Protein chains: 4
Amino acid sequence: MPNAKELSSGAAEAFVATLGGVYEKSPWVAERAYERGPFDSLAALATAMKQAVTEATEAEQLVLLLAHPDLAGKAALAGELTSESTEEQARAGLGSLTPEEMERFTRMNEAYKTKFGFPYILAVRNASKAVILSAFESRLPNSRSAELAEALAQVHKIAWMRLRTIVTPNPTGFLTCHVLDTARGMPAGPGMRIQLRRLDESTGTWSTLGQFVTNSDGRLDGGPALKGEAFTFGTYEWTFGVGAYFASTGFPIAGTPFLDDVPLRFGIDDPEAHYHVPLLCSPWSYSTYRGS
Amino acid sequence: MPNAKELSSGAAEAFVATLGGVYEKSPWVAERAYERGPFDSLAALATAMKQAVTEATEAEQLVLLLAHPDLAGKAALAGELTSESTEEQARAGLGSLTPEEMERFTRMNEAYKTKFGFPYILAVRNASKAVILSAFESRLPNSRSAELAEALAQVHKIAWMRLRTIVTPNPTGFLTCHVLDTARGMPAGPGMRIQLRRLDESTGTWSTLGQFVTNSDGRLDGGPALKGEAFTFGTYEWTFGVGAYFASTGFPIAGTPFLDDVPLRFGIDDPEAHYHVPLLCSPWSYSTYRGS
Amino acid sequence: MPNAKELSSGAAEAFVATLGGVYEKSPWVAERAYERGPFDSLAALATAMKQAVTEATEAEQLVLLLAHPDLAGKAALAGELTSESTEEQARAGLGSLTPEEMERFTRMNEAYKTKFGFPYILAVRNASKAVILSAFESRLPNSRSAELAEALAQVHKIAWMRLRTIVTPNPTGFLTCHVLDTARGMPAGPGMRIQLRRLDESTGTWSTLGQFVTNSDGRLDGGPALKGEAFTFGTYEWTFGVGAYFASTGFPIAGTPFLDDVPLRFGIDDPEAHYHVPLLCSPWSYSTYRGS
Amino acid sequence: MPNAKELSSGAAEAFVATLGGVYEKSPWVAERAYERGPFDSLAALATAMKQAVTEATEAEQLVLLLAHPDLAGKAALAGELTSESTEEQARAGLGSLTPEEMERFTRMNEAYKTKFGFPYILAVRNASKAVILSAFESRLPNSRSAELAEALAQVHKIAWMRLRTIVTPNPTGFLTCHVLDTARGMPAGPGMRIQLRRLDESTGTWSTLGQFVTNSDGRLDGGPALKGEAFTFGTYEWTFGVGAYFASTGFPIAGTPFLDDVPLRFGIDDPEAHYHVPLLCSPWSYSTYRGS
């Protein structure tokens, strides 16, 4: 898989051949993005493609939206979807609708197109039928301008998810951690045990990537917990030994601790970025956030 | 299994026969607690037993502490522990120490007893060797008064864990939930899906107790998620469909959401109490706490 | 000041005469909203007016946007603004720009109008020059549809702030509080002292509205801290006696506590709504949020 | 004012003359601490003095406790307190008790001494009468060992507060900040305005120490917000321009924002330490903690 630098330094034809389908049936997006290159990173490439759409005329944007199939619509029935759309819709369970569900989706698509003039678009890769229907209901009352903006945002999200399966990211991303003890106002360390696992989406099983112990600043010795090529998009989980930590420091905790092993599941979307995923914890509360 | 009311309304002999071992080899605790009865709840009974110890003389408290075996000590080797202590130490992995570990525990116990005049006591049911050693190191520099207080606190915790396996709690405890959307300043509902599971400690597997959906106030319809006899001490886990919720409301989230299914694992220590275990979440952060 | 019910139950002429300026120079919004009445609340009235705009044609929406003056623009110089706009711009400090600032605002407005075809609109009542310029820079690269949606959102916000100075809200709003002790996993009470104050915007001084003490559930006895006609939009502040609370419970805190009196300042935007503004605190951390 | 290094490198007599009153009427604590010197920092000196008490015999510890006057007791009435105790009790408002309050304090002290054999000790410098009485009620039911440990902890706190008015700290402490935007999962910057002020305790007024603006990582350029000799123990307050920040980024916020200027008041207890005091905020929630 080429990286952004290689792709964007080569010929325009190869660039467009590779990336022409990132925006549904709209190779002009890749063509215009190429003019802005070359690009040093997957993120820069994605931004340039997005900008090409943002700066297109509204007529061109509408053509792009209209290139998208109905969700679970006639094109799907007829087997006429692009391979990207087919896989995305299948993953959302749209390949196996009951006749009643199919009819509901059809009515929904028609109502939306009638009101706004373009199809209902949602990045469905990780969505369920319930999410698709619920989002539809919250979006239908919007003004056309709001919905046009939202449709374009969904299209960019779809493009991003396609792009990162085609272009190798730079190995600049990494994962760090920090644990604070909010009951005592100090780093949770040394000695809290932490495990890092990754979800294998094809099998639904978790594999262990590392075992760590906090140092006296509540951080992990030895640098990032994950970096380079091992740092890929996907679903990860820390497990923090919060109960054992507080027990070993003599802080009063219950017989069955309210917090013992604390799982913290998070997704990596951008493999070129830094993800700081800390834990703030007392024996009775915790919080986390994407930090920096 | 009798409840507190039944036990404490009956004869003193039966009461002491049943509860005499809750405080290690110290039936006098049960005898004195009985005088304060009868008790309406497991909690009231536990409090009375604790109070009997607190109000005993320091000499009596020392006798109580001295009744406890060394952790992994000679009594264990000789098979002379009470059955309660044997099981508790075994669960902590103290039944299978290497000779080196055994020697380290022995040295540790000796150092502690020499300094303070009573054995090193730790409620070990859910502790690991690492926790036991680490707690030992943080406690050894304490003053004698601090350590005497800590040892009594550990003894009360051990007693509580024994007590709730002997006495049936009142079915007054229950579990509630509430989900707030901190990105938009409103209840996270209607429509966020929540699952509740319980850990079977003997098999290590999780069984599903219920599937819920938040209402427009971010709460669960139909009252507590768990109550009555089903509400037992142990380890539980909520799973919140945070990613699907934000996707369905149209809030911008990443292609691979930072937060998708959010697991929240917690322990129930007191089956007669109300546990409110809420979630405050944005697409990029969340927190929880034991509420009321 | 009439309430929504009185206004919307009366004649259309009076309704439009009163509310015709809520959307800048666009009495048609009030006219169409009237058809949907009568309304039981300020919130219902505001929603109906917003809906009238959302369901208007894009051409009508553009006319509405074009009715707005440039921020700090020629109309302001010529004294031709509506009285509402004059006051709003003055409050943001736009009445006293230096020649350099005036030129910068003019260039900004021109660039925006040239790109999007309508003026740059921002609800400026509480904005500073820096905010106005900074928002301009973040919005200029947007697509036209995104910016059209954003401009309408700003117009709705301006309308809401005008509306609530014209129409009396129902006295349904109220303010509640709850304090949790996250270091010990229990309500922070009884006994934490709390003060509630309100900012007088004309003088910049704070007046005390009430003194409270938490009960054993960490809540205030006697119902809401504020309700009815006293519950108006504006700026409020709780002060929580966190340091004294932890000192009185014997929890270890520093000589100079990290948290002593904790101020928590918040705004009430909707006087018909319930605002639950809780505090979760340990001696070393706290958090708050708009709850429900 | 000498620093720890100077004091502890000099003669024992001068050391004890200076620090003999840090532990009430117990110069032996300074004498024994001196043997462990010299000390590089105020913190090391405080630790050594504390350790001298911890390692003293229980008889010596009791003599130390008995050297403390009753809170608001006979010694105070007779003007026989040490100057340190007089000032500390006066600051807590114990110099102006009504006869009823005086009687209540007297009864309280007697009950405590009768039960435990030593006076009720509380670090009162920042305590109110209510805190003193409330802490008394929560402590009276304790076991003697718990209360002995607590009394020693209070004595160490009193000593620490005395010590830092006698010994100059090293200029190693500093204050840092970080602001995260939890609604968008990114640093809150560039451009959030932050003010830092310090409370002048003698006048009750606040003086501004600095004005800052976050950079693109949500931190302050130019290093610590405060450091060196300016970093003294006392009460500080950040004010974060949260409302203006979200308005300038185009994030939807209310007409009257729920969070506009967010004050965050905190105490510096140890002038040799690093205080990291961050803000995590969305337009509807925020949290803070002592970080590292």
- Counted residues in the stretch A:102-128 being among the hydrophobic types (A, V, I, L, M, F, W, C) and either in contact with a strand residue (DSSP E or B) (Cβ under 7 Å, 6 or more places away or on another chain) or under 18 Å from B:T249 (Cβ atoms) (or both) come to 6
- Query: For the stretch C:19-30, how many residues are in contact with a helix residue (DSSP H, G or I) (Cβ under 6 Å, 6 or more places away or on another chain), crowded, with 16+ Cβ neighbours inside 10 Å and not in a loop (DSSP other than H, G, I, E, B)?
  - Reply: 3
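Which one is surrounded by the fewest Cβ atoms within 10 Å (Cβ to Cβ), of the residues in the stretch C:270-292 that are within 19 Å of C:G173 (Cα to Cα) and touching a helix residue (DSSP H, G or I) at 6+ places or on another chain (Cβ under 8 Å)?
By that ranking, first place goes to C:A273.
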- Odd one out for D:P171, checked against (1) open to solvent by 40 Å² or more (accessible area, probe 1.4 Å); (2) modelled with pLDDT under 90: (2)
- Tell me, which residue of the stretch B:110-127 that is within 13 Å of another protein chain (Cβ to nearest Cβ) and small (G, A, S) is most open to solvent (accessible area, probe 1.4 Å)? B:G117
- Look through the stretch D:131-140, keep the residues that are more than 7 Å from every other protein chain (Cβ to nearest Cβ) and open to solvent by 10 Å² or more (accessible area, probe 1.4 Å), and return whichever of them is farthest from B:H156 (Cα to Cα). D:L133
- If we keep just the residues of the stretch A:244-264 that are buried (at least 20 other Cβ atoms within 10 Å of the Cβ) and under 27 Å from A:G204 (Cβ atoms), which is farthest from the other protein chains (Cβ to nearest Cβ)? A:L264
- So A:Q61 clears everything in (1) open to solvent by less than 20 Å² (accessible area, probe 1.4 Å); (2) modelled with pLDDT under 85 except one condition, right? Which one? (2)
- Query: Which condition number does A:E103 fail, the rest of (1) within 20 Å of A:S134 (Cβ to Cβ); (2) surrounded by fewer than 21 Cβ atoms within 10 Å (Cβ to Cβ); (3) touching a residue at least 24 places away in the same chain (Cβ under 8 Å) being met?
  - Reply: (3)
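Anything in the stretch B:268-289 that is part of a strand (DSSP E or B), of a type in the set (A, V, I, L, M) and more than 14 Å from chain D (Cβ to nearest Cβ)? List them, or say none.
The one that is part of a strand (DSSP E or B), of a type in the set (A, V, I, L, M) and more than 14 Å from chain D (Cβ to nearest Cβ): B:I268.
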- Task: Say whether the condition of being in contact with a Pro (Cβ under 8 Å, 6 or more places away or on another chain) and open to solvent by less than 30 Å² (accessible area, probe 1.4 Å) is met by at least one residue in the stretch D:33-51.
- Result: yes
- Item | Scan of the stretch A:206-243 for residues that are at the interface with another protein chain (Cβ under 9 Å from one of its Cβ atoms), more than 25 Å from B:R125 (Cβ to Cβ) and small (G, A, S), ordered by number | A:G218, A:G234
- Message: Here is a check on your reading of the model: is B:E84 of a type in the set (D, E), in a helix (DSSP H, G or I), in contact (Cβ under 8 Å) with a residue 60 or more places away in the chain and over 14 Å from B:A151 (Cα atoms)?
- Response: yes
- Task: Among residues belonging to the stretch A:64-81 that are part of a helix (DSSP H, G or I) and exposed (fewer than 15 other Cβ atoms within 10 Å of the Cβ), point out the one that is nearest to the chain's Cα centre (by Cα).
- Result: A:L66
- Item | Criterion: open to solvent by 10 Å² or more (accessible area, probe 1.4 Å) and facing another protein chain (nearest Cβ under 10 Å) - qualifying residue of C:A159, C:A146 | C:A146
- Message: Would you confirm, using the coordinates I've provided, whether C:P263 is touching a helix residue (DSSP H, G or I) at 6+ places or on another chain (Cβ under 6 Å) and not hydroxyl-bearing (S, T, Y)?
- Response: no
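Suppose we filter C:G223, C:G218, C:G228 for residues that are open to solvent by less than 50 Å² (accessible area, probe 1.4 Å) and within 30 Å of A:C281 (Cβ to Cβ); which single one remains?
C:G218
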- Task: Go through the stretch C:77-130 residue by residue and tally those that are over 24 Å from C:L19 (Cβ atoms) and among the acidic types (D, E).
- Result: 4
- Query: Got a sec? Which of A:Y236, A:Y275, A:Y245, A:Y286 is touching a residue at least 12 places away in the same chain (Cβ under 8 Å), in contact with a Phe, Trp or Tyr (Cβ under 7 Å, 6 or more places away or on another chain) and hydroxyl-bearing (S, T, Y)?
  - Reply: A:Y236
- Note on the structure: Only unsatisfied item for D:G10, checking (1) surrounded by fewer than 20 Cβ atoms within 10 Å (Cβ to Cβ); (2) over 28 Å from D:T232 (Cα atoms), is (2)
- Query: Would you say A:S207 is open to solvent by 20 Å² or more (accessible area, probe 1.4 Å) and touching a strand residue (DSSP E or B) at 6+ places or on another chain (Cβ under 9 Å)?
  - Reply: yes
- So which of B:A183, B:A151 is modelled with pLDDT of 95 or more, part of a loop (DSSP other than H, G, I, E, B), open to solvent by less than 10 Å² (accessible area, probe 1.4 Å) and within 14 Å of chain D (Cβ to nearest Cβ)? B:A183
- Working only within the stretch B:159-180, note down all residues that are hydrophobic (A, V, I, L, M, F, W, C), part of a loop (DSSP other than H, G, I, E, B) and over 24 Å from B:S85 (Cβ atoms). B:C177
- Would you please list the contacts, defined by Cβ atoms under 8 Å and residues six or more apart or on different chains, that run from a residue in the stretch C:30-53 that is farther than 10 Å from C:K5 by Cα to a residue that is basic (K, R) and assigned to a helix (DSSP H, G or I)? C:A48/C:R36; C:Q51/C:R36; C:A52/C:R32; C:A52/C:R36
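The values are calculated or read from the model by the stated rules, or taken from the named source; none is laboratory data. Everything numeric here is computed off the predicted structure, so don't read it as measured data. Here the Cβ is made from the backbone with ideal geometry for all residues, glycine too, and neighbour counts use every protein chain on show. Each accessible area value is taken on the protein alone, full model and side chains, heavy atoms only, with ligands, DNA and RNA left out. Shrake-Rupley method; radii C 1.70, N 1.55, O 1.52, S 1.80 Å.
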